[in-house]
Amino acid sequence: MNRKTLISSTFSALLAVAAFGAHAEDGTITFTGSIEDSSCIIAADSQDITVEFGQISMSRDGLLPTKHFEINLTDCPANVSNAVVSWSGETTSDGKQMLKAYIDGAEEANAGWIIGTGNQTTILNGTTVSFDGTPEEAKPITEGNNTLDYTAGFSNDTSNVILPGELTGDATYNITYN
């Protein structure tokens, strides 16, 4: 074999190895979902909701200003007439209707979050939700798009001082349809 043929054969072999070496099976993509004919779709803006209260003065006692928020439903089918919402989350020792509050990641024993149904100016005048999975009363919905209105409030025990810091709390909701 002459030198030119040897170099050409070696180069061809290297190209073949490089081509096969570039092929790799690095991961898997799994597609999941379900096809439903008896439920609405929770809109993207309602899947992870943040209710921003901004800065709250330590000198305020009791129930503080409320903030309205919505759960938006889309593509509700004609055969569904009600949405039933249930809530879950860690509650305070005061009962199932006050969600634990955290300041800088530590539980605040003297305060909590309250969620009321509807768009209320004060939660004390309306119905509050329970965070133990108890379903609310059915909310009438129609075919197409619907909005479920809620009001959130922060409440603190007026006999105790709350320390300053980043205030948080989390609740989870589940919707069934009938």
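Read-outs: derived from the displayed coordinates by stated rules, not from any lab. Please read all numbers here as calculations on a predicted model, not as lab measurements. Note that each Cβ is placed from the backbone with ideal geometry, even for glycine, and that neighbours are counted across all protein chains shown.
Would you mind getting me the FRET efficiency between residue 82 and residue 166? Use the beta-carbon distance for r and R0 = 30 Å, nearest 0.05.
0.20
Sum up the charges of everything whose Cβ sits under 11 Å from the Cβ of residue 148, counting Lys and Arg as +1 and Asp and Glu as -1, but leave residue 148 out.
-2
Please list, in chain and number order, the residues 5+ apart from residue 76 or on another chain whose amide H is under 5 Å from its amide H, with Hs placed from the backbone.
41, 144, 145
Binned at 5 Å from 0, what are the whole-percent values of the Cα-Cα distance distribution for region 41-177, short to long?
2, 10, 19, 23, 19, 12, 8, 4, 2, 1, 0
I need 155, 38 ordered by Cβ neighbour count within 10 Å, fewest first.
38, 155
With 10 angstrom as the radius, rank 92, 28, 142, 147 by how many other C-beta atoms surround their C-beta, starting from the fewest.
28, 142, 147, 92
Using θ = phi - 60° and the Karplus curve 6.51 cos²θ - 1.76 cosθ + 1.60, what whole-Hz ³J(HN,Hα) does each residue of region 65-82 get, with Gly and Pro shown as x?
Once θ is set to phi - 60°, the couplings for region 65-82 become x, 9, 10, 7, 8, 10, 10, 9, 10, 10, 6, 5, x, 5, 7, 10, 10, 9 Hz.
Mind sorting 32, 91 by how few other Cβ atoms lie within 10 Å of their own Cβ, fewest first?
Arranged by neighbour count, lowest to highest, 32, 91 become 32, 91.
What list of ³J(HN,Hα) couplings, whole Hz, do you get for region 96-109 from phi and the Karplus terms 6.51, -1.76, 1.60, once you set θ to phi - 60° and write x for glycine and proline?
7, 9, 10, 7, 4, 10, 10, 10, 6, x, 9, 4, 9, 5
Over region 41-177, what is the relative contact order in whole percent, taking alpha-carbon pairs under 8 Å and six or more residues apart?
Relative contact order for region 41-177 comes out at 38 percent.
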